[in-house]
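The structure appears below as structure tokens.
The values are calculated or read from the model by the stated rules, or taken from the named source; none is laboratory data. What you see is a predicted model; the values in this text were computed from it and never measured. Glycine gets a Cβ as well: all are built from the backbone with ideal geometry, and neighbour counts include every protein chain shown. These accessible areas exclude ligands, DNA and RNA; they are computed on the full protein's heavy atoms, side chains included. Shrake-Rupley method; radii C 1.70, N 1.55, O 1.52, S 1.80 Å.
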Amino acid sequence: SVAGERWHVEAREGTRLCCLDHAGRGQAVVLLHGLAGYVGEWHETASWLSETFRVVAVEQRGHGRSERAPASVSPDAFVADVELWIEQLDLAPAVVVGQSFGGLIAFLLAARRPELVLALVVVEASPAADPRAPETVRRWLESWPVPFASRNGALTFFGDDTSWSRTWAGGLEERDDGLWPSFEQEVLLAALSEASGRGWWDEWSRIRCPVLVVRGERGALRG
């Protein structure tokens, strides 16, 4: 790990939770990865952000070092996990940055616990329902040729040497027979089903802090 970084481990209702504290001083910034993601996605961002901010990247339940098969994968459970970290590490009020599924959790947190959130950055996330999302994600995950024989093989599958492919390949974990995802597919699909099956406009309308919405030119959001 990089000098100054440290992992924090806590248990909430019997569920192991982890986050990577990039240290730094100043205003706290909490980073939330998307579904099937991991804290390493934020390393480059955190490297410069931590020069002027206190940066903490959360490894969300069902992912990476946190519990892979938690008893609950409801949005409420994910939100409560972030509440725990903000309170436990004395980060309030924090700027919360969430990408995709992490963006949903970020704005639900702001709606429900406004005193914990100073401002939001919501990347490629929407309050709109998307009932087709679980099947779309299932087809994509099932297309992965796991285990991957090598990192180069994974890079090739995900699109050669691009930021996208490096990010996905970087999230794979090495086992005796090759490289595997650092999550359980059915757990994440269950989480996505609970989150995408309804709209969250009521919660969105209750947000009172500043919000920056970021959408990629070739991202998943339309309209």
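The lone criterion from (1) of a type in the set (D, E); (2) exposed (fewer than 13 other Cβ atoms within 10 Å of the Cβ); (3) closer than 25 Å to H43 by Cα left unmet by D176 is number (3). If you go through segment 122-152 and keep only what is surrounded by fewer than 16 Cβ atoms within 10 Å (Cβ to Cβ), in contact with a strand residue (DSSP E or B) (Cβ under 8 Å, 6 or more places away or on another chain) and not aliphatic (A, V, I, L, M), you end up with S150, R151.
In the set A110, A106, which member is touching a strand residue (DSSP E or B) at 6+ places or on another chain (Cβ under 6 Å), modelled with pLDDT of 95 or more, farther than 20 Å from Y38 by Cβ and of a type outside the set (K, R)?
Testing whether each residue is touching a strand residue (DSSP E or B) at 6+ places or on another chain (Cβ under 6 Å), modelled with pLDDT of 95 or more, farther than 20 Å from Y38 by Cβ and of a type outside the set (K, R) leaves just A110.
In segment 154-173, the residue that is nearest to H63 (Cα to Cα) out of those that are in contact with a strand residue (DSSP E or B) (Cβ under 8 Å, 6 or more places away or on another chain) and surrounded by fewer than 17 Cβ atoms within 10 Å (Cβ to Cβ) is E173. Inspect all residues belonging to segment 70-81 and state whether any of them is in a loop (DSSP other than H, G, I, E, B), out of contact with any Gly (no Cβ under 8 Å at 6 or more places or on another chain), more than 28 Å from A190 (Cβ to Cβ) and hydroxyl-bearing (S, T, Y). For segment 70-81, residues in a loop (DSSP other than H, G, I, E, B), out of contact with any Gly (no Cβ under 8 Å at 6 or more places or on another chain), more than 28 Å from A190 (Cβ to Cβ) and hydroxyl-bearing (S, T, Y): absent.
Here L108 clears all of (1) part of a helix (DSSP H, G or I); (2) farther than 21 Å from A28 by Cβ except the condition numbered (2). Residue pairs whose Cβ atoms lie under 8 Å apart, separated by 6 or more positions or on different chains, with the first residue in segment 141-161 and free of Cβ contacts under 8 Å to residues at least 40 places away in the same chain and the second open to solvent by 50 Å² or more (accessible area, probe 1.4 Å) and of a type in the set (A, V, I, L, M, F, W, C), are W144/F157; P145/F157; V146/W180; P147/W180; F148/F157; F148/W180; F158/W164. Could you tell me whether segment 136-152 includes any residue that is at pLDDT below 95 and outside any helix (DSSP H, G or I)? No: segment 136-152 contains no residue that is at pLDDT below 95 and outside any helix (DSSP H, G or I). Within segment 198-209, restricting attention to residues that are over 19 Å from the mean Cα position of the chain (by Cα) and part of a loop (DSSP other than H, G, I, E, B), the residue that is surrounded by the fewest Cβ atoms within 10 Å (Cβ to Cβ) is R208. Per the listing E10, E67, the residue uniquely open to solvent by 10 Å² or more (accessible area, probe 1.4 Å), touching a residue at least 24 places away in the same chain (Cβ under 8 Å), in a strand (DSSP E or B) and not aromatic (F, W, Y) is E10. When E51, E41, E115 are screened for being part of a helix (DSSP H, G or I) and free of Cβ contacts under 8 Å to residues at least 40 places away in the same chain, only E115 passes. Return yes when A119 is under 20 Å from W42 (Cβ atoms) and open to solvent by less than 60 Å² (accessible area, probe 1.4 Å) and no when it is not. Yes; evaluated as a whole, the condition is true for this residue. None of R25, R61 is closer than 25 Å to P134 by Cβ and either under 12 Å from the mean Cα position of the chain (by Cα) or modelled with pLDDT under 95 (or both) except R61.
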